[in-house]
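Working notes for the structure below.
No lab work stands behind these numbers, since they all come straight from the coordinates. All of these numbers come straight from a predicted model, not from anything done at the bench. When we count neighbours, we look across all protein chains shown, and the Cβ atoms used for this are built from the backbone with ideal geometry, even at glycine.
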Amino acid sequence: MLSERELAFIAIHKDSYPRVYKFVRRRVESAEVAEELAADVFRVVWQKWGDAPRTDTAWLLTVARNLVGNAYRSRDRQEALQDKLRSVAEVRLGDGPDNVAVQDALARLREKDRDILQLAYWDELSIAEISGVLRCSESAAKVRLHRARAAFRKQMPVNAETMTQKMGA
């Protein structure tokens with residue numbers, strides 16, 4: 001049976017979620033991001049729920065606004081990191097069309113795949129070191145690296161064979 005606290009939270013969520021979602025959705029690029037951030041608003045509400053919980057709309061929208069700002073800052077940091085990695089790659093490999101193709105292929109990869117490839121090639125880590133960074137077994141790191149390389153090959157243009165050889169794969 002649900003406690004009074006849980007029942008009250010469910011009521012707040014039911015009444016306020018559509019309004020919070022609409023507020024967030026107008027400020028972010030996708031419905032998926034809006035759903036995630038709206039859910040995070042209610043995670044914060046639940047975590048801060050005390051004897052006299054704040055559930056007024058103004059407070060909920062303030063929490064939402066703060067979470068949207070955090071999401072933008074996170075996205076900006078990720079883009080800055082990608083720009084920095086691109087610059088480092090250009091210095092290291094040159095800015096020819098082959099390098100641009102590599103950067104574009106990396107940009108299209110899932111973040112997990114991109115990260116493990118960067119650990120292996122940019123940071124020149126061994127499988128043992130990668131497994132330490134990722135907090136997984138060495139065999140799991142090998143499998144992840146293998147899958148990331150395969151995903152990278154799929155993203156590369158027709159001359160992927162030449163490009164992966166340049167990367168050392």
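Considering only Cα atoms, the convex hull volume of region 4-75 works out to 78 Å³ per residue. Put simply, the convex hull of the Cα atoms in region 112-152 casts, on average, a shadow of 2.3 nm². Over region 1-40, what number does the Rg to Rh ratio reach, with both radii from the alpha-carbon atoms and Rh per Kirkwood? Here the Rg-to-Rh quotient is 1.12. Checked against a 26 Å cut-off, the cross-linked pairs K84/K154; K14/K112; K22/K84 give Cα-Cα distances beyond that limit for K14/K112; K22/K84.
Other residues lying with their Cβ under 12 Å from the Cβ of R25 contribute a combined charge of 0, Lys and Arg counting +1, Asp and Glu -1.
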